[in-house]
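Quick notes on the structure that follows.
Throughout, read-outs are computed from the coordinates displayed, never taken from laboratory work. Computed from a predicted structure; not experimentally measured. We place every Cβ from the backbone using ideal geometry, glycine too, and count neighbours over all the protein chains shown.
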Amino acid sequence: MPLRHEGQWLGVVLVAVREGKRLVARERRLFQTVVGRLTSALGRVVLEERRQEAYLAAIGELVGSLEAMDGFEAGHARYLEHLTAEMGRRLSLDAADLEALGLAARFHDLGKVAVPASVLHKPGTLTPEERAVVEVHPEVGARLLAPVSRHPSAIAAIRHHHERFDGSGYPGGLAGETIPMLARILAVAEAWDGMTTPKAWRPAMPPLEALAEMQDSGHFDPAVLGVLGQMLASGDLARDGRETLTTRAAVC
């Protein structure tokens, strides 16, 4: 019997019957009841997936709006998706982790909706009070995305992408390998893009200089930095990296 919901094929249910036997009317009615209930259940799953897709699309538009408010941030999340995907492949992540990493990269700054624009786009150094306001954004982003994400590891990556390998980051002060792997990758990618993108108050940092500073800081996983260095050496991260990597990904 076919499983159909609102004109959409969901599958087919087959019942095996011993040779020489036929389903009696009562068995057929039972079979139809089971299939009807199964169709209703699967239909609810499909509806929930559509809701999730719509919600994620709306959040994506919100993230794009946040980036548009600062011309220097335009394309940041999209670039991080491509950059972290390449880094994840080189670190031998499986398909599920790569999908979660892409989701985390796309929405890692969602929590900045809770940060006033006057603080978010302030040029120069933030006051301690302003810094405290900014530091809420990973937790806020994780809470906003958690209800619709099928990837707990993506939520963890968003929550902890500002942790530092030496334990000096936030919000949890995690250190070393206690920081989720996806968060460590995202931390390197975000810092890389931030340092090599020009800002209103400073020019872009040269690629090798940015890498050296990241290596000297003690803030990042050395293994992930090693992958970033390999990508630089192979020419896969020639700057301007956003244009190079995203253009290549679009072609592929």
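Starting from the Cα gyration tensor of the range 85-159, take the square roots of the eigenvalues, sort them a ≥ b ≥ c, and report rounded, prolate or oblate (rounded when a/c is under 1.5, otherwise prolate if a/b is larger than b/c, else oblate).
Working: a/c = 3.26, a/b = 1.96, b/c = 1.67.
Prolate, since a/c reaches 1.5 and a/b exceeds b/c.
Would you mind ranking His162, His151 so that the residue whose beta carbon has the fewest other beta carbons within 10 Å leads the list?
His151, His162
Which one of His76, Ser217, Pro203 is farthest out on the positive end of the charge dipole of the range 73-251, using unit charges on Cβ (Lys, Arg +1; Asp, Glu -1) and the Cα centre as origin?
The listed residue farthest towards the positive side: His76.
Under a crude label model (7 Å from the Cα following the beta-carbon direction), how far is Ala96 from Asp166 in nanometres?
Simple spin-label model gives 3.5 nm for this pair.
When the chain is fully extended, how far beyond the present Cα-Cα distance does Asp236 get from Gln215, taking 0.36 nm per residue of separation?
Computed gain between Asp236 and Gln215 is 5.6 nm.
Where the eigenvalues come from the Cα gyration tensor of the range 73-251, what are the semi-axes √(5λ) of the equivalent ellipsoid, largest first, in whole Å? Can you show the working numbers first?
Working: eigenvalues 102, 82, 55 Å².
For the range 73-251, the semi-axes come out at 23, 20, 17 Å.
Stretched out fully, how many nm does the piece from Arg28 to His5 gain, at 0.36 nm a residue minus the Cα gap?
6.2 nm
For Lys122, list the lysines whose Cα falls under 27 Å from its own Cα; do not include residues on the same chain fewer than 8 positions away.
Lys112, Lys199
Which residues in the range 122-165 have a backbone N closer than 11 Å to a point placed 7 Å from the Cα of Arg202 along the Cα-to-Cβ line?
Backbone N within reach: 124-125.
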